[in-house]
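One structure is given here, and the rest of the page talks about it.
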Amino acid sequence: MRIIDLEKTDRERIFQVAEILNVSFHGHCPDYDDMKDALQKVAESFDDHQLSRIAVDDEGKVLGWIGGIRMYNGNVWEIDPLVVKKNTQGRGIGKALIEDFEEHMVRHGAHTIWLGTDDEDGRTNLGECDLYPDVLSKAKNIEDRGGHPFKFYQRMGFEIVGVLPDANGFGKPDIYMAKRVKSAAAV
């Protein structure tokens with residue numbers, strides 16, 4: 001496996017990425033249930049203040065994709081999205097994409113990487129309930145109830161920095177996670 005830039009002229013790989021988005025997020029995030037929307041998301045990743053990297057196998061087929069959006073004058077970058085082909089999950093591809101992303105952030109002089117990991121289908125105890133009042137106390141006691149990605153991100157060094165209740169409708173929060181970029185810790 002190797003990680004390379006996704007080029008806006010590479011129609012075949014763009015379609016592969018959109019297909020991975022469509023299949024992997026189906027039932028968990030309606031944003032990409034339509035291939036047209038998935039292709040639009042990939043097209044947006046070619047804007048000037050974004051990063052678009054893919055993991056490919058020895059034959060050049062896409063295994064996963066990570067997109068990044070520059071924010072706060074480059075001090076912060078958002079991961080949006082990270083997706084790995086379903087039949088290759090659990091093989092270190094997501095980890096490799098995040099590590100590659102962080103190396104790019106070191107070169108860009110970023111201090112923080114953040115992401116939102118929605119719970120639109122009750123895969124944590126924060127989903128399918130009313131988080132008010134005292135949202136942060138409930139966030140401290142988050143539990144995985146069905147393979148929610150927040151655990152993966154915690155293993156990658158991210159921590160929960162907030163929760164936006166009802167971001168995607170009642171009982172469908174967005175869980176915000178962040179980590180300091182390795183080089184920024186030494187400053």
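Quickly run through the range 73-105 and pick out the residues that are surrounded by fewer than 18 Cβ atoms within 10 Å (Cβ to Cβ) and in contact with a Phe, Trp or Tyr (Cβ under 8 Å, 6 or more places away or on another chain).
76
Name the pairs whose Cβ atoms lie under 8 Å apart, with the first residue in the range 91-116 and on the phi < 0 side of the Ramachandran plot, the second polar (S, T, N, Q) and surrounded by 14 or more Cβ atoms within 10 Å (Cβ to Cβ), and 6 or more positions between them or separate chains?
Partner pairs satisfying both residue conditions: 106/183; 110/75; 111/75; 112/75.
Give me a count of the residues in the range 127-144 that are in contact with a strand residue (DSSP E or B) (Cβ under 6 Å, 6 or more places away or on another chain) and part of a loop (DSSP other than H, G, I, E, B).
1
Kindly provide the set of residues from the range 106-148 that are aliphatic (A, V, I, L, M) and surrounded by 14 or more Cβ atoms within 10 Å (Cβ to Cβ), ordered by number.
Across the range 106-148, the qualifying residues are 110, 113, 115, 126, 131, 135, 139, 142.
Against the conditions (1) under 25 Å from residue 77 (Cα atoms); (2) touching a strand residue (DSSP E or B) at 6+ places or on another chain (Cβ under 8 Å), where does residue 123 fall short? Just the number, please.
The one condition residue 123 does not meet is (1).
Suppose we filter 33, 5, 48 for residues that are modelled with pLDDT under 95, charged (D, E, K, R) and surrounded by fewer than 13 Cβ atoms within 10 Å (Cβ to Cβ); which single one remains?
48
Those residues that are among the aromatic types (Phe, Trp, Tyr) and in a strand (DSSP E or B), I need them from the range 61-97; list them, please.
Hits for the range 61-97 are 65, 77.
Hey, among 23, 42, which residue is part of a helix (DSSP H, G or I) and in contact with a Ser or Thr (Cβ under 9 Å, 6 or more places away or on another chain)?
Just a single option satisfies the conditions, and that option is 42.
Tell me which residues, restricted to the range 125-158, are of a type in the set (S, T, N, Q) and within 20 Å of residue 96 (Cα to Cα).
Correct list: 154 only.
Restricting to the range 160-171, count the residues that are modelled with pLDDT of 95 or more and in a loop (DSSP other than H, G, I, E, B).
4
The values are calculated or read from the model by the stated rules, or taken from the named source; none is laboratory data. Source: prediction; values computed, not measured. Here Cβ is always computed from backbone atoms with ideal geometry, including for glycine, and neighbour counts include all displayed protein chains.
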